[in-house]
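Visitor: Pasting in a structure now, in structure tokens, and then I'll have a few things to ask.
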Amino acid sequence: MSLKNKKVILGVTGSVAAYKSAGLARRLTEAGASVHVIMTDASKNFITPLSLSIASQNKVYSGLFDDPISHITLTADADVMVIAPATANIIGKFANGIADDFLSTCFLSFRGRVVIAPAMNWRMYENPVFKRNLDSLLSYGIMQIGPDKGSLACGEEGAGRMAEVQDIIDAVISSVTEKDLNGRKILVTAGPTREYIDPVRFISNRSSGKMGFAIAKAAIRRGAEVILISGPSDLMPPPKAQFIRAETASGMREAVLRHYMDCDAVIMAAAVADFTPADMSSSKVEKSETMVLNLVKTPDILAEIGALKKRPFLVGFAAETGQDTSRARRKLIEKGADFIVFNNVASELSGFDVDTNEITIIERDKITPVPLMTKDAVADVILGRITELIT
């Protein structure tokens with residue numbers, strides 16, 4: 001998930017949300033992009049050019065006549081233009097071909113992908129004239145991210161908050177990502193399951209869902225239609241995913257079996273519990289010095305799909321506490337998967353609740369170690385291999 005060697009033009013317009021643009025510029029730069037900021041005159045009422053120059057590590061542009069041909073030279077080799085925040089005014093200008101300032105002139109001369117993050121009062125956002133302008137703009141292939149619903153600068157509630165910085169970055173990355181999964185449908189499972197002892201107690205595991213959510217997000221960036229089935233997790237699902245919650249192993253099985261049929265690939269990244277209490281008490285079990293639990297095996301979703309004569313491409317995960325891959329290799333054969341993703345969760349940098357992972361992709365005739373990298377990058381490695389094998 002990198003913008004290395006990408007040139008990003010960041011347009012900042014006159015909304016109170018402009019204060020977020022410095023953080024956006026900094027995060028885009030950290031992702032490897034060369035960020036060039038264009039400010040409208042109105043935006044300078046909310047944030048200074050110096051702040052954005054420091055955040056982007058580049059000169060900030062504003063005046064239409066500061067350099068008479070810079071609206072051509074600046075955009076000629078840019079990869080993506082992102083307008084954040086995008087006011088009703090600038091969207092109206094873009095939609096109607098008005099070029100009366102440096103940003104709108106650059107927009108007309110730019111030939112790459114454009115991402116807009118609208119920000120305004122909810123009344124303005126719902127105005128039919130504005131909606132007509134927005135629909136016109138989107139009809140040309142421009143990508144919209146947000147706005148979010150919530151508390152607005154005026155104190156009212158409604159749709160109009162600029163999208164979160166991370167969501168804008170994801171949209172920018174998506175805009176420059178090859179859509180090699182376009183037309184594909186992928187089901188991803190994520191997170192832990194909870195197996196209940198009584199209404200207030202359960203057994204579970206430490207899975208955060210980060211790896212599965214990263215795979216779902218990366219698949220959407222690459223053009224896939226994604227179904228994300230997750231156990232309990234604090235993570236926000238990708239906006240474009242069909243998101244299904246499943247708390248227990250049996251609930252996850254039911255959800256997977258209900259949705260896998262028309263999928264091209266099923267990626268079982270969830271840490272489904274291996275055992276569940278034989279009997280769940282209908283009331284809270286009284287506290288005692290000792291407690292004996294009778295456990296029974298949970299349904300093996302991976303093996304159930306792997307045994308089908310007609311099934312999607314199937315990927316399983318093997319979380320182990322050590323470097324021995326023998327159990328993962330047995331799992332590959334016994335479960336009927338196409339490959340297994342092995343990772344050592346005992347490692348501090350590739351275990352639970354961290355943003356990095358070090359994996360090994362195990363196939364029947366091939367083993368591919370993948371060095372330590374972010375889970376977003378690991379997700380792309382996994383999807384890249386799937387793409388190679390199902391193309």
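The values are calculated or read from the model by the stated rules, or taken from the named source; none is laboratory data. Just so it is clear, the structure is predicted and the values come from calculations on it, not from any experiment. Glycine also receives a Cβ, built like all others from the backbone with ideal geometry; neighbour counts cover every protein chain displayed. When the accessible area is computed, the model is the full protein with side chains, heavy atoms only, and any ligands, DNA or RNA have been set aside. Shrake-Rupley method; radii C 1.70, N 1.55, O 1.52, S 1.80 Å.
Visitor: Only one of 53, 43, 2 is within 27 Å of the chain's Cα centre (by Cα) and not in a strand (DSSP E or B). Can you tell me which?
Guide: 2
Visitor: Scan 220, 215, 244 and give me the residue that is in a helix (DSSP H, G or I) and open to solvent by 20 Å² or more (accessible area, probe 1.4 Å).
Guide: 220
Visitor: State whether the residues of the stretch 29-38 include one that is over 27 Å from residue 134 (Cβ atoms), more than 30 Å from the chain's Cα centre (by Cα), surrounded by fewer than 18 Cβ atoms within 10 Å (Cβ to Cβ) and not β-branched (Val, Ile, Thr).
Guide: Within the stretch 29-38, not a single residue is over 27 Å from residue 134 (Cβ atoms), more than 30 Å from the chain's Cα centre (by Cα), surrounded by fewer than 18 Cβ atoms within 10 Å (Cβ to Cβ) and not β-branched (Val, Ile, Thr).
Visitor: Picking from 187, 181, which residue would you name as being of a type in the set (A, V, I, L, M), assigned to a loop (DSSP other than H, G, I, E, B) and open to solvent by less than 10 Å² (accessible area, probe 1.4 Å)?
Guide: Going through 187, 181 in turn, the sole match is 181.
Visitor: Please list, ordered by first then second residue, the pairs with beta carbon atoms under 6 Å, 6 or more apart or interchain, first in the stretch 97-115 and within 17 Å of residue 42 (Cα to Cα) and assigned to a loop (DSSP other than H, G, I, E, B), second at pLDDT below 95 and not charged (D, E, K, R).
Guide: Here the result reads 101/64, each pair linking the stretch 97-115 to a residue that is at pLDDT below 95 and not charged (D, E, K, R).
Visitor: Identify, by number, the condition in (1) surrounded by fewer than 16 Cβ atoms within 10 Å (Cβ to Cβ); (2) at pLDDT 95 or above that residue 151 doesn't meet.
Guide: The one condition residue 151 does not meet is (2).
Visitor: Here's something else I'd like to know. Restricting attention to the stretch 200-207, does a residue exist that is in contact with a Pro (Cβ under 7 Å, 6 or more places away or on another chain) and assigned to a strand (DSSP E or B)? Spell out the reasoning first.
Guide: Narrowing the stretch 200-207 to residues in contact with a Pro (Cβ under 7 Å, 6 or more places away or on another chain): 204-205, 207.
Now restrict to residues that are assigned to a strand (DSSP E or B): none.
No: the stretch 200-207 contains no residue that is in contact with a Pro (Cβ under 7 Å, 6 or more places away or on another chain) and assigned to a strand (DSSP E or B).
Visitor: Here are the criteria: (1) more than 16 Å from residue 102 (Cα to Cα); (2) open to solvent by 20 Å² or more (accessible area, probe 1.4 Å); (3) in contact with a helix residue (DSSP H, G or I) (Cβ under 6 Å, 6 or more places away or on another chain); (4) touching a residue at least 60 places away in the same chain (Cβ under 8 Å). Tell me which single one residue 14 does not satisfy.
Guide: Answer for residue 14: the failing condition is (1).
Visitor: May I pose another question? Given (1) open to solvent by 40 Å² or more (accessible area, probe 1.4 Å); (2) touching a residue at least 12 places away in the same chain (Cβ under 8 Å), where does residue 305 come up short, assuming only one miss?
Guide: (1)
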